[in-house]
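Worksheet: the structure to be examined is printed underneath.
The values are calculated or read from the model by the stated rules, or taken from the named source; none is laboratory data. The model shown is predicted, which means the values in this text are computed figures rather than measured ones. Here the Cβ is made from the backbone with ideal geometry for all residues, glycine too, and neighbour counts use every protein chain on show. Side chains included, ligands, DNA and RNA excluded: accessible areas come from the protein's heavy atoms. Shrake-Rupley method; radii C 1.70, N 1.55, O 1.52, S 1.80 Å.
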Amino acid sequence: MAVSGGGKCFKWPRYDRTLHDPVLDALEVGERGALIVEGNYLLLDEPGWRDLRILGDLSIFVECPDPVARERIIARYLRGGRSVEAAQRHYLRSDLPNLEWVGRSRLPADIVLRVESGRSLRRVEGP
């Protein structure tokens, strides 16, 4: 813990898409304000992960249909320098099984949004 501007600051990891790994102590977070944490497993109903739910004040889950997720994730891999074939293989081997696992094994969220055509989101009533 560091002190900055009279307040306490904490170091948090940040995921680096170039390294494909988290970088420890990459972000400095103050003790006041809002902190938004994003990740597929944060609402996962599995040991270790489910305990994170109580640390947050509000949870939002974004449902994304497979065709949209596939297109966006593969495009991100292509921007990162992977070939089309490598990007598609990685999506099928890693991303798709993870998305399916989280979809069937997550805790209820306070707010559920669904990705629709383009970049629009629609609030889904109930978890």
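The table for this structure:
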{"quantity": "Rounded if a/c under 1.5, otherwise prolate or oblate - the chain, Cα gyration tensor axes", "calculated": "oblate"}
{"quantity": "Rounded accessible area of residue 19 (nearest 10 Å², 1.4 Å probe)", "calculated": "110"}
{"quantity": "Extension gain, residue 27 back to residue 8 (0.36 nm per residue minus Cα-Cα distance, nm)", "calculated": "5.5 nm"}
{"quantity": "Beta bridges per DSSP with both ends in the chain, % antiparallel, nearest 5", "calculated": "80"}
{"quantity": "Dipole-positive endmost among 24, 37, 78 within the chain (Cβ charges, Cα centre)", "calculated": "78"}
{"quantity": "For the chain: relative contact order, % (alpha-carbon pairs under 8 angstrom, 6 or more apart)", "calculated": "21"}
{"quantity": "Accessible surface, per residue, of segment 1-72 when the full set of protein chains is kept, probe 1.4 Å, Å²", "calculated": "80"}
{"quantity": "Relative contact order of segment 1-75, defined on C-alpha pairs under 8 angstrom at six or more residues apart (%)", "calculated": "16"}
{"quantity": "Share of carbon and sulfur in the accessible heavy-atom surface of the chain [1.4 Å probe, %]", "calculated": "54"}
{"quantity": "Radius of gyration, Dmax [segment 20-76; alpha carbons; angstrom]", "calculated": "14.4, 39"}
